[in-house]
Amino acid sequence: MTGRIAEMGPSAVTGRIVVTRRIPEAGMALLWAEPGVEVEVLEEAQDRGPHRDRLLEAVAAADVLLCLLTEVVDRELLSAGRGLRGVSQMAVGVDNVDVPAATELGIPVGHTPGLLTDTTADLAWALLMATARHIPQAHQYQVEGRYRIWGPELFTGADLSPGGSGRRKVLGIVGFGRIGQAVARRSVGFDMEVVAHDPRNRERVEEAPGVRWAGLDELLESSDFVSLHTPLTPETHHLIGERELRRMKPSAILVNTARGPVVDETALVRALEEGWIAGAGLDVYEEEPHMAAGLAHLPNVVLLPHIGSASGDTRGRMARMAAMNALAFLRGEAGPHTVNPQVYATLAYGRRQSDRRHG
């Protein structure tokens with residue numbers, strides 16, 4: 001659908017912003033309020049994305065593309081947008097965007113960093129607790145009317161705190177950026193030992209109070225809970241595979257709120273089936289939204305549909321930031337949050353701006 005165009009003032013900026021799927025109202029309102037800006041939303045539904053052919057057609061007539069992480073923004077799509085002044089993604093990660101191609105073509109790419117740290121860290125802890133204490137399974141047992149009498153071994157799980165054993169549990173954090181650090185801070189209330197691994201941020205780990213640096217193998221071997229918070233890069237693809245899963249304790253629980261391909265999902269299914277580890281909590285998947293064969297039927301998993309940042313406040317702020325990036329690109333300004341700022345010094349970017357002024 002094509003959205004409203006606000007009444008134009010004497011110095012209004014004009015242009016067309018294509019939104020691949022409707023974003024929260026806080027962002028849409030910002031776009032609609034801008035004088036002279038035409039807003040086209042390709043898909044209103046939350047459970048499906050726009051068809052590729054329609055996306056290619058819309059981008060060809062767009063000045064700015066505002067997309068979600070579910071769209072493949074590759075060289076073909078970027079090249080189709082001959083008049084594109086920028087791509088604004090409502091997400092922190094941009095692994096679905098061919099950023100090198102965008103830079104080569106003179107197209108800045110915006111994202112929404114720094115807003116979802118606490119919300120995602122909260123969800124990682126929710127997964128830790130739900131998996132350790134079998135919360136979803138116990139809920140289902142209750143609502144199905146299967147609870148007849150209290151029993152001493154009914155849904156016995158694992159303590160995150162010292163609990164009955166009095167032993168401090170070890171939380172291993174892989175990836176110690178903003179979210180990893182926020183997860184570590186939340187461990188204080190559970191009186192846990194925290195070890196972290198992040199080759200790019202070793203100094204940050206060593207400076208964090210109550211956190212000990214460890215190599216990946218040591219972390220996996222010593223941790224009762226392993227929480228993944230690393231970005232998806234060629235180096236982190238299948239960072240956790242069969243070798244790593246076999247190094248974990250049989251009583252350990254793995255949580256992934258980062259990116260699905262960080263874990264070899266087929267190996268994880270085997271690990272859970274054969275008892276290499278005790279359980280897993282996942283918010284992301286290797287071939288999202290699809291899951292590896294057998295994963296959905298395992299009794300020792302908690303599976304969520306990528307809701308790490310899904311609070312009303314956080315998603316609203318992300319939508320506003322994505323809209324602000326999009327409007328900045330439309331005005332020919334540097335976006336407030338650009339993942340490839342070097343693009344602004346390229347001849348390709350200069351040509352796009354010149355074509356816009358003389359188009």
Round to a whole angstrom and tell me the spacing of the C-alpha centers of region 120-193 and region 52-91. 41
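How large is the translational diffusion coefficient of region 149-214 in µm² per second when you combine the Kirkwood radius over alpha carbon pairs with Stokes-Einstein at 10 °C and 1.306 mPa s? List each step's numbers first, then the result.
Numbers: Rh = 13.1 Å.
Once the numbers are plugged in, D ends up at 121 µm²/s.
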For A348 and R146, compute 0.36 nm times the residue count separating them, minus their Cα-Cα distance, and round to one decimal in nm. 66.2 nm
Calculated P(r) of region 1-153 - Cα pairs past 29 Å, %: 37
Which ³J(HN,Hα) values in Hz, rounded to whole numbers, follow from the phi angles of region 105-110 under the Karplus curve 6.51 cos²θ - 1.76 cosθ + 1.60, where θ = phi - 60° and Gly and Pro get x? 8, x, 10, x, 10, x
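Once the mean 1/r over all distinct Cα pairs of region 110-268 is inverted, what Kirkwood radius in angstroms do you read off?
16.6
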Pairwise label distance in nanometres, A60 with E221, each label 7 Å out on the Cα-Cβ vector: 5.9
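What does the net charge come to around G189 if you take all other residues with beta carbon closer than 15 Å to its beta carbon, with K and R at +1 and D and E at -1?
Working: positive: R168, K169, R185, R186; negative: D118, D122, D159, D191, E193.
Net charge in that neighbourhood comes out at -1.
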Separation between the E235 and R133 pseudo-spin-labels, each 7 Å from Cα along Cα→Cβ, expressed in nm? 3.8
For L303, put the label point 7 Å out on the Cα→Cβ axis and report which residues of region 238-261 keep their amide N under 15 Å from it. 256, 260
If the convex hull is drawn through the Cα atoms of the chain, its volume per residue in Å³: 156
If I model a spin label as a point 7 Å beyond the Cα along the Cα-Cβ vector, how far apart are those points for R167 and A29 in nm? 5.3
Looking at the chain as a GNM with Cα springs under 10 Å, which of R21, R259, R200 has the largest mean-square fluctuation? R200
In debye to the nearest 20, the charge dipole size for region 117-303, taken about the Cα centre with +1 at each Lys and Arg Cβ and -1 at each Asp and Glu Cβ, equals 480
For the chain, calculated [θ]222 nm from helices alone, where every DSSP H run of n ≥ 4 adds -39500 (n - 2.57): -10000 deg cm²/dmol
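Rule-based calculations on the coordinates, nothing more; no lab input. Quick caveat, the model's predicted, so the values are computed rather than measured. For neighbour counting, all protein chains shown are included, and Cβ atoms are generated from backbone atoms with ideal geometry for every residue, glycine included.
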